[in-house]
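Notes follow once the structure below has been shown.
The values are calculated or read from the model by the stated rules, or taken from the named source; none is laboratory data. Quick caveat: nothing in here was measured; it's all calculated off a predicted structure. Methodologically, a virtual Cβ is constructed for each residue, glycine included, from the backbone with ideal geometry; neighbour enumeration extends over all protein chains shown. With ligands, DNA and RNA removed, areas are computed over all heavy atoms of the protein, side chains included. Shrake-Rupley method; radii C 1.70, N 1.55, O 1.52, S 1.80 Å.
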Amino acid sequence: MAEPKKLFIKTYGCQMNVYDSERMAEALGGQGYEQTSSPEDADMILLNTCHIREKAAEKVYSELGRFKGLKAEKPDLKIGVAGCVAQAEGAEIMRRQPMVDLVVGPQSYHRLPELEARTRAGQKALDTDFPQEDKFEHLRSRPKAKRGPTAFLTVQEGCDKFCAFCVVPYTRGAEVSRPVERVVTEARDLVERGVREITLLGQNVNAYHGAGPDGADWSLAQLIWELDKVDGLERIRFTTSHPNDMTDDLIEAHGTCAKLMPYLHLPVQAGSDRILKRMNRAHTAESYVRLIEKIRAARPDILISGDFIVGFPEETAADFQSTMDLVAEVKYGSAYSFKYSTRPGTPAAERDQVPEAEKTDRLHRLQALLTTQQRAAQDKMVNKTVGVLFERPGRLPGQMVGKSDHLHAVHVADCTADAGTLAKVRIISSEANSLAGALIG
Ligand code: SAH
Ligand code: SF4
Ligand code: F3S
């Protein structure tokens, strides 16, 4: 038998890229590739890239530069660029870095075996189509190997919302949902292989409308209730949601579905209605705050997380203050915040930009507030009993690390529970980015 070829994949960007990288490794597994963690051993290097902010895209080119030496030593080494930079820049990547052999966009991963064969024949391979066929259906089914207790599962892709700052509708294409039965089959398979918690993924996951077994389109809440029936699956999460798709049945599920965890990532981006309008978000600060109240009425202990952009074009000091006020009112349990980054081809790129120093100052002020809130939410857990799904041993001997229902990292010393066990833990203390606790009973 031929020696397996070695594949090195580096993943940037969001969780959907993490999921896609797994599927690409499986697709190339059929071509005799095994994964390696060192680029020096690789016969193929794949960068699965992100285009969301300027820095993320530039990283790809500097990383490619670092592989130049490897390619010179090993002419058979193939270098590929996948993901959202591949989609956005296409052939331009090969012009800037002629050593790149393969460029493949996120909707064409099922064509990887064919593209890889082309590179082996000494050709360049480029595919950034948005094909009609369902890439997931064409990707090889997962091998039955055992895996860790948590997994991502993409149920919806693409976005039709066109926020004025965002590249996703261009890099991932139009919104598409996978049929219910395929999602449930994949979930069952994951559970058989040791998975206890599944995070359903989509750029607009709560806009999910996959074909149900009855032929009608099912909502995300309906899909969650179907997954609730899967024995051995203990926890369900989903990300990322848009406020305008937060339907009543989904809100209600947060109150009634025991497997659905009390954590919701619901980005608002900004607190000024003027800016929200310029962003094309189609919601106001007020409607967002009312929505959070409704969700908290259904599930009082739910932890809310968000995304924020500061320094969007034309954002004034008063607009920024509205963001600070909204944050003060909502009280986030966790959040991601970014300086606005100009993305060529998006509407906001053409508008009056906020000076960099002003963006930096706003980001620092916002992050200080968000960090205080994050810490407060964590501190509130002390002396409470929480569910923890253990994932792996910690740094200290005998220690185990897992995630609480509210997605806090929890470590337990002298822990008798194994990875994959869901146990009750009493929280003893709150540290910078995690909680410490002790097993109950
Ligand atoms: N689909 C998700 C998030 C997609 S991107 C949603 O709609 O919420 C993740 C986050 O990156 C966004 O929520 C936004 O806060 C940030 N982001 C997107 N484009 C950006 C840009 N041009 N500059 C800075 N941050 C950006
Ligand atoms: Fe981007 Fe807006 Fe779509 Fe989210 S909803 S992916 S921020 S365009
Ligand atoms: Fe980045 Fe593409 Fe995800 S731009 S955030 S990898 S959808």
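Looking only at the stretch 209-219, decide whether some residue is within 16 Å of ligand 2 (Cβ to nearest atom), outside the structural domain of Lys403 (by TED's automatic domain parsing) and out of contact with any Asp or Glu (no Cβ under 6 Å at 6 or more places or on another chain). Scanning the stretch 209-219 turns up no residue that is within 16 Å of ligand 2 (Cβ to nearest atom), outside the structural domain of Lys403 (by TED's automatic domain parsing) and out of contact with any Asp or Glu (no Cβ under 6 Å at 6 or more places or on another chain). Taking the criterion of being surrounded by fewer than 17 Cβ atoms within 10 Å (Cβ to Cβ) and within 16 Å of ligand 1 (Cβ to nearest atom), the only residue of the stretch 171-194 that qualifies is Ala174. From the list Ile309, Ile292, the lone residue that is assigned to a helix (DSSP H, G or I) and modelled with pLDDT of 95 or more is Ile292. When the stretch 46-80 is filtered for residues that are under 23 Å from Asp127 (Cα atoms), exposed (fewer than 14 other Cβ atoms within 10 Å of the Cβ), away from ligand 1 (no atom under 16 Å from the Cβ) and under 28 Å from the mean Cα position of the chain (by Cα), the ones remaining, listed by number, are Ser62, Gly65. Considering only residues of the stretch 333-351 that are within 27 Å of Asp160 (Cβ to Cβ) and assigned to a loop (DSSP other than H, G, I, E, B), which is most open to solvent (accessible area, probe 1.4 Å)? Restricting to residues being within 27 Å of Asp160 (Cβ to Cβ) and assigned to a loop (DSSP other than H, G, I, E, B), the top hit is Pro344. Checking each residue in the stretch 239-264 for being without any contact (Cβ under 8 Å) to a residue 60 or more places away in the chain and assigned to a strand (DSSP E or B) picks out Leu260, Leu264. Restricting Ala335, Ala298, Ala317 to residues that are within 12 Å of ligand 1 (Cβ to nearest atom) and either assigned by TED's automatic domain parsing to the domain that holds Leu250 or of a type in the set (A, V, I, L, M) (or both) narrows the list to Ala335. Could you look through the stretch 238-281, keep only residues that are within 17 Å of Lys294 (Cβ to Cβ) and charged (D, E, K, R), and pick out the one that is most open to solvent (accessible area, probe 1.4 Å)? Ranking the candidates gives Glu252 first. For the stretch 212-237, the candidate set comprises residues that are of a type in the set (Gly, Ala, Ser) and touching a Phe, Trp or Tyr at 6+ places or on another chain (Cβ under 7 Å); within that set, the residue that is surrounded by the fewest Cβ atoms within 10 Å (Cβ to Cβ) is Gly212. For the stretch 352-374, the tally of residues that are open to solvent by 20 Å² or more (accessible area, probe 1.4 Å), among the hydrophobic types (A, V, I, L, M, F, W, C) and touching a helix residue (DSSP H, G or I) at 6+ places or on another chain (Cβ under 8 Å) stands at 1. Is it the case that Val103 is at pLDDT 95 or above and either away from ligand 1 (no atom under 16 Å from the Cβ) or open to solvent by 20 Å² or more (accessible area, probe 1.4 Å) (or both)? Considered against the rule, which asks whether it is at pLDDT 95 or above and either away from ligand 1 (no atom under 16 Å from the Cβ) or open to solvent by 20 Å² or more (accessible area, probe 1.4 Å) (or both), Val103 comes out as yes. So which residues in the stretch 17-45 are β-branched (Val, Ile, Thr) and either more than 16 Å from ligand 1 (Cβ to nearest atom) or without any contact (Cβ under 8 Å) to a residue 24 or more places away in the chain (or both), if there are any at all? Hits for the stretch 17-45 are Thr36, Ile45.
The criterion of at least 3 residues that are of a type in the set (A, V, I, L, M, F, W, C) is met by the following helices (runs of 4 or more DSSP H) wholly inside the stretch 55-148: 83-89, 112-120.
Would you be able to tell me the number of residues in the stretch 13-45 that are of a type in the set (Val, Ile, Thr) and open to solvent by less than 30 Å² (accessible area, probe 1.4 Å)? The number of residues fulfilling the criteria is 2. Residues being closer than 20 Å to Ala86 by Cα, of a type in the set (D, E, K, R) and either exposed (fewer than 14 other Cβ atoms within 10 Å of the Cβ) or at pLDDT 95 or above (or both) are represented in the stretch 129-141 by at least one member.
Restricting attention to the stretch 160-170, the residues that are part of a loop (DSSP other than H, G, I, E, B) and either near ligand 2 (Cβ under 8 Å from one of its atoms) or crowded, with 22+ Cβ neighbours inside 10 Å (or both) add up to 7. Going residue by residue through the stretch 188-198, is there one that turns out to be in contact (Cβ under 8 Å) with a residue 60 or more places away in the chain, in the same structural domain as Pro344 (by TED's automatic domain parsing) and within 12 Å of ligand 3 (Cβ to nearest atom)? No, there is no match, as no residue in the stretch 188-198 is in contact (Cβ under 8 Å) with a residue 60 or more places away in the chain, in the same structural domain as Pro344 (by TED's automatic domain parsing) and within 12 Å of ligand 3 (Cβ to nearest atom).
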